Amino acid sequence: MAHVDLSSDEHYEPGSLLEHPKTVTRRGLFWLGWLSFWGLVSMWSFAVVRFLVPKVNYEPSSIFKAGKPADYPLGSVTLLSPRKVWVVREEKGIYALIAVCTHLSCQPRWQEKEQIFECPCHGGMFRKNGVNFAGPPPKPLDRARVSVGGDGRLLIDMKQMVGLDFILPV
């Protein structure tokens, strides 16, 4: 930083220190203060708004209506794709299989000709009742609880798992 000697008149020019780019003026200090103030106010406002907005995960309900039992003909296997559920109708009744492979969470496909579920990822195979018999899946397909609501339609609860012996008599 250059030192200006004010005692000698030959190097001193009036106003030269005020025109130096590194000189702090009252006006510059004033604007620096205002910018700092409004920066803090905006950060505080953002924090308040973020605090007031709820962090809610809007997931669909785990219980949903799947039509009337008469909508599923005897021997049918129907995929409800938005919910990833297979609704199976047999002589004994109706049950719901979660359409997620127990190996790597792929969606098994129903093979009508062979009457099996086949997983496209690694070749896992499941019988119509959801029991695994080939490939790497470690356990059978999960079954969801099925009940009949007051309006006569099927209610499937995806979060309430039942055993392989559960069948809703219809």
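The values are calculated or read from the model by the stated rules, or taken from the named source; none is laboratory data. Keep in mind that what you see is a predicted model, and the values were worked out from it rather than measured. Counting neighbours? That spans all protein chains shown, and the Cβs are built from the backbone with ideal geometry, glycine included. Areas reflect the complete protein model, heavy atoms only, side chains present, ligands, DNA and RNA absent. Shrake-Rupley method; radii C 1.70, N 1.55, O 1.52, S 1.80 Å.
3J(HN,Hα) couplings calculated from phi for segment 123-140 with the Karplus curve 6.51 cos²θ - 1.76 cosθ + 1.60 (θ = phi - 60°) are, in sequence order, x, x, 10, 10, 6, 4, 7, x, 6, 6, 9, 8, x, x, x, x, 8, x Hz; Gly and Pro show x.
The helix-based estimate of mean residue ellipticity at 222 nm for the chain, built from -39,500 (n - 2.57) per DSSP H run of four or more residues and divided by its residue count, is -5500 deg cm²/dmol to the nearest 500.
Within the listed set Glu118, Glu90, Glu59, the Gaussian network model of the chain (springs between alpha-carbon atoms below 10 Å) gives the highest mean-square fluctuation for Glu59. When P(r) over Cα pairs in 10 Å bins from 0, in percent is computed from the coordinates, the matching label among (1) 10, 40, 37, 12, 0; (2) 8, 27, 19, 14, 11, 9, 7, 3, 1; (3) 9, 24, 17, 7, 6, 7, 7, 7, 8, 6, 2, 0 is (3).
Put a dot 7 Å past the Cα of Arg26, heading toward its Cβ, do the same for Asn57, and the two dots end up 5.9 nm apart. Ligands, DNA and RNA are left out, and with a 1.4 angstrom probe the accessible area of the chain is 72 Å² per residue. Count Lys and Arg as plus one, Asp and Glu as minus one, and take only other residues whose Cβ is under 14 Å from that of Val146; the net charge is then +4. In terms of its C-alpha gyration tensor, segment 27-122 has a prolate overall shape, because the principal axis ratio a/c (a ≥ b ≥ c, square roots of the eigenvalues) is not below 1.5 and a/b outweighs b/c. Would you mind checking the tilt of helix 26-52 against the longest principal axis of the Cα atoms of the chain, expressed as 0 to 90 degrees and rounded to 10? Result, in degrees: 10.
For the chain, which whole percent of the accessible surface, found with a 1.4 angstrom probe, sits on carbon and sulfur atoms? Mind showing how you got there, number by number?
Working: 7270 of 12180 Å².
C and S atoms contribute 60 percent here.
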